[in-house]
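Novice: Supplied in structure tokens, the structure appears directly below.
The values are calculated or read from the model by the stated rules, or taken from the named source; none is laboratory data. Values in this document were obtained by computation on a predicted structure and should not be read as measured data. Cβ placement follows ideal geometry from the backbone for every residue including glycine, while neighbour counts extend to all protein chains displayed. Each accessible area value is taken on the protein alone, full model and side chains, heavy atoms only, with ligands, DNA and RNA left out. Shrake-Rupley method; radii C 1.70, N 1.55, O 1.52, S 1.80 Å.
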Amino acid sequence: MTGLADMFGLAGKWALVTGARGGLGQAMALALASAGADIVGLGSTPMPETRALVEAEGRRFLGVQTDLSQPNDFRSLVDEIEEQAGPIDILVNNAGTIRRADLLDYTEADWDAVTNVNEKSLFFLSQAVARGMAKRGVGRIINIASLLSFQGGIRVPAYTASKHAVVGLTKLMANELAASGITVNAIAPGYMETDNTAALRADPVRQRQILERIPIGRWGVPEDLAAAVLFLASPRASYVTGATIPVDGGWLAR
């Protein structure tokens with residue numbers, strides 16, 4: 001009988017998680033570490049808390065400070081990471097940002113700030129990591145989408161556009177990289193208790209409206225993504241690619 005370690009164990013693998021300082025990224029990094037993976041945390045600021053949590057699991061942690069909103073030479077960056085750590089087996093493109101304003105007032109600066117992080121850097125970092133994965137004949141890329149990959153939302157035009165793009169790029173990369181042994185999938189979190197939703201949760205009207213729309217009746221917490229990321233990163237998920245898995249408390253089913 002196949003054991004859980006054979007199905008979900010990640011011992012000996014390196015996972016690169018962007019935006020791992022807190023929230024969803026930190027929770028997914030910790031889940032991967034608990035399954036045996038060593039973690040590269042990539043973000044614009046240091047992440048000592050994530051380091052401590054990963055090391056408490058007995059795993060190694062490499063912090064890499066890079067601003068994904070700015071132009072990057074991702075190929076050189078990945079080469080440097082792999083020289084310090086080892087081959088990247090799993091990439092979790094979690095880093096994201098959001099800017100809110102009415103459509104008629106939305107600025108080009110806000111548009112670029114959001115799409116540079118959520119869409120452009122996701123693609124070019126994936127491209128750089130996939131080159132090594134393709135040479136080794138195996139790899140897992142997991143993109144973080146959103147409910148707004150399927151819906152329009154309000155007051156978040158760049159975020160909505162970028163998260164629709166994440167699902168499209170997930171399918172395109174899955175098609176092109178399948179022959180190289182690389183799977184590419186996405187997770188679409190629902191309304192989660194993170195910094196990005198702090199303003200919504202502080203608004204009594206919006207808080208009530210959102211909760212009434214979630215069949216499970218609560219906001220999600222970052223740990224709710226653990227099972228999904230472990231499944232998609234696992235050795236036995238080799239026949240799952242091009243999929244987007246909602247983790248939304250039933251929001252999309254309503």
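Novice: Just a yes or no: is a residue in segment 33-53 modelled with pLDDT of 95 or more, within 15 Å of residue 233 (Cβ to Cβ), assigned to a helix (DSSP H, G or I) and open to solvent by less than 10 Å² (accessible area, probe 1.4 Å)?
Specialist: Yes, because at least one residue in segment 33-53 is modelled with pLDDT of 95 or more, within 15 Å of residue 233 (Cβ to Cβ), assigned to a helix (DSSP H, G or I) and open to solvent by less than 10 Å² (accessible area, probe 1.4 Å).
Novice: For segment 108-122, how many residues are open to solvent by less than 60 Å² (accessible area, probe 1.4 Å), out of contact with any Leu (no Cβ under 6 Å at 6 or more places or on another chain) and not acidic (Asp, Glu)?
Specialist: The total comes to 6.
Novice: Just checking, how many residues over segment 92-107 are open to solvent by 30 Å² or more (accessible area, probe 1.4 Å), touching a residue at least 12 places away in the same chain (Cβ under 8 Å) and either closer than 11 Å to residue 158 by Cβ or in contact with a strand residue (DSSP E or B) (Cβ under 7 Å, 6 or more places away or on another chain) (or both)?
Specialist: Summing the residues that are open to solvent by 30 Å² or more (accessible area, probe 1.4 Å), touching a residue at least 12 places away in the same chain (Cβ under 8 Å) and either closer than 11 Å to residue 158 by Cβ or in contact with a strand residue (DSSP E or B) (Cβ under 7 Å, 6 or more places away or on another chain) (or both) in segment 92-107 gives 7.
Novice: Could you check segment 75-91 and list, in sequence order, the residues that are buried (at least 20 other Cβ atoms within 10 Å of the Cβ) and either in contact with a helix residue (DSSP H, G or I) (Cβ under 8 Å, 6 or more places away or on another chain) or not aliphatic (A, V, I, L, M) (or both)?
Specialist: Of everything in segment 75-91, those that are buried (at least 20 other Cβ atoms within 10 Å of the Cβ) and either in contact with a helix residue (DSSP H, G or I) (Cβ under 8 Å, 6 or more places away or on another chain) or not aliphatic (A, V, I, L, M) (or both) turn out to be 78, 88, 89, 90, 91.
Novice: Taking segment 184-215 as the region of interest, how many residues are assigned to a loop (DSSP other than H, G, I, E, B) and in contact (Cβ under 8 Å) with a residue 12 or more places away in the chain?
Specialist: Total satisfying the criteria: 6.
Novice: Might you let me know whether segment 154-167 holds any residue that is at pLDDT below 95 and either of a type outside the set (Lys, Arg) or open to solvent by less than 10 Å² (accessible area, probe 1.4 Å) (or both)?
Specialist: yes
Novice: Does any residue of segment 190-208 turn out to be closer than 19 Å to residue 17 by Cα and open to solvent by less than 60 Å² (accessible area, probe 1.4 Å)?
Specialist: yes
Novice: Further question on the same structure: Consider residue 243 carefully, then state whether it is touching a strand residue (DSSP E or B) at 6+ places or on another chain (Cβ under 6 Å), on the phi < 0 side of the Ramachandran plot and open to solvent by less than 30 Å² (accessible area, probe 1.4 Å).
Specialist: For residue 243, the condition - touching a strand residue (DSSP E or B) at 6+ places or on another chain (Cβ under 6 Å), on the phi < 0 side of the Ramachandran plot and open to solvent by less than 30 Å² (accessible area, probe 1.4 Å) - is not met.
Novice: Tell me which residues, restricted to segment 218-254, are of a type in the set (D, E, K, R) and modelled with pLDDT under 95.
Specialist: 236, 254
Novice: Any idea which of 201, 213, 218 is in contact with a helix residue (DSSP H, G or I) (Cβ under 8 Å, 6 or more places away or on another chain), more than 13 Å from residue 248 (Cβ to Cβ) and not acidic (Asp, Glu)?
Specialist: Answer to the check: 201.
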